[in-house]
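Step one of this worksheet: look at the structure below.
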Amino acid sequence: MATLDLLRTALIELDEEQTLDLTRELLDRGEVTPSSILNTCQQALKVVGERYERQEYYISGLIMAGELFKEVLDLVQPSYEHDPSERSSGTIVLGTVATDIHDIGKNLFGMALKGHGFDVIDLGVDVAAEEFLAEVERSRPDVVCLSGLILSAFESMKKVVALLRANEVALGYHPPIILGGAIIDGRVCDYAGADSWSTDAMEGVRICQDLVARAKKGNAQ
């Protein structure tokens, strides 16, 4: 019988067939949440990364783990689609900033947001600052989320924040901006001038929920 522990082990061992079979069985039984499956896989990816650092895995192992996780994301995604008749938790504009094409963390975060009732506008990867501004002008999101996993992304994040802040008068509001990615920390957040940051998908969801709640409270006063 499939369990989350077996799924974690299968992904750590880079067993594609076992990982996907276990994911399908867990989804079919419906005894665990999609979030639990993704969190388990996220934990497994961290172990794979640790094995790479100890030179137990080569770069090919990291790449394979990432591709395998994408396959799991594809299987889990339908379970994250919320009923459009339900009231939206808010609108989020999401994208990986210019010079960066990493999207696993972004995709995981996007699905976690959808699972909590948010409408997500995913701009993809290598997104220029001007593209973020154009989408904010068009959709007026509650929160803007910038993803990045390489050092050059820091400068791109700073450019996005600066451009949005410079256009706040024209926009007519102050869109909160969150940074995300495994190498993001408080110093990067301060450098870019963003409102908040996180390295964890579920924490990012909670930050978005808090920002939306505070905005609604402020508008009601």
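The values are calculated or read from the model by the stated rules, or taken from the named source; none is laboratory data. Because the structure is a prediction, the values reported are computed rather than measured. Every residue, glycine as well, gets a Cβ built from its backbone with ideal geometry; the counts of neighbours run over all protein chains shown.
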The one condition Q42 fails out of (1) more than 23 Å from G148 (Cα to Cα); (2) in contact (Cβ under 8 Å) with a residue 24 or more places away in the chain; (3) in a helix (DSSP H, G or I) is (1)
Checking D83 against (1) at pLDDT below 80; (2) within 16 Å of D122 (Cα to Cα), which single condition isn't satisfied? (2)
For residues in the stretch 183-199 being touching a residue at least 12 places away in the same chain (Cβ under 8 Å) and in a helix (DSSP H, G or I), which is surrounded by the most Cβ atoms within 10 Å (Cβ to Cβ)? A192
In this structure, does A166 turn out to be on the phi < 0 side of the Ramachandran plot and surrounded by fewer than 19 Cβ atoms within 10 Å (Cβ to Cβ)? yes
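Per-residue answers, yes or no, for (1) without any contact (Cβ under 8 Å) to a residue 24 or more places away in the chain; (2) among the hydrophobic types (A, V, I, L, M, F, W, C):
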{"position": "R8", "(1), (2)": "no, no"}
{"position": "D15", "(1), (2)": "yes, no"}
{"position": "V32", "(1), (2)": "no, yes"}
{"position": "I37", "(1), (2)": "no, yes"}
Check whether at least one residue in the stretch 86-99 is more than 30 Å from S139 (Cα to Cα), loosely packed, with under 13 Cβ neighbours inside 10 Å and of a type in the set (K, R), and report yes or no. no
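With touching a helix residue (DSSP H, G or I) at 6+ places or on another chain (Cβ under 8 Å) and more than 18 Å from E203 (Cα to Cα) as the only criterion, which of D100, D74, D28, D21 stands out?
Details: D74 fails: touching a helix residue (DSSP H, G or I) at 6+ places or on another chain (Cβ under 8 Å); D28 fails: touching a helix residue (DSSP H, G or I) at 6+ places or on another chain (Cβ under 8 Å); D21 fails: touching a helix residue (DSSP H, G or I) at 6+ places or on another chain (Cβ under 8 Å).
After ruling out the rest, the residue left standing is D100.
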Assess whether V144 counts as being more than 15 Å from the chain's Cα centre (by Cα) and crowded, with 22+ Cβ neighbours inside 10 Å. no
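Conditions tested, residue by residue: (1) charged (D, E, K, R); (2) farther than 20 Å from L211 by Cα; (3) modelled with pLDDT of 95 or more; (4) in the same structural domain as L75 (by TED's automatic domain parsing).
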residue	(1), (2), (3), (4)
A112	no, no, no, no
G115	no, no, no, no
D126	yes, yes, yes, no
P141	no, no, yes, no
S156	no, yes, yes, no
V160	no, no, yes, no
P176	no, no, yes, no
Hey, could you check the stretch 49-60 for residues that are modelled with pLDDT of 85 or more and in a helix (DSSP H, G or I) and say which is nearest to L20 (Cα to Cα)? S60
Determine, yes or no, whether V205 is hydrophobic (A, V, I, L, M, F, W, C), surrounded by 15 or more Cβ atoms within 10 Å (Cβ to Cβ) and touching a Lys or Arg at 6+ places or on another chain (Cβ under 9 Å). no
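Residues are listed down the side, and each one gets a yes or a no for (1) surrounded by fewer than 17 Cβ atoms within 10 Å (Cβ to Cβ); (2) in contact with a Lys or Arg (Cβ under 9 Å, 6 or more places away or on another chain); (3) more than 14 Å from I104 (Cβ to Cβ):
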residue: T23; (1), (2), (3): no, no, yes
residue: R29; (1), (2), (3): yes, no, yes
residue: C41; (1), (2), (3): no, yes, no
residue: D74; (1), (2), (3): yes, no, no
residue: P78; (1), (2), (3): yes, no, yes
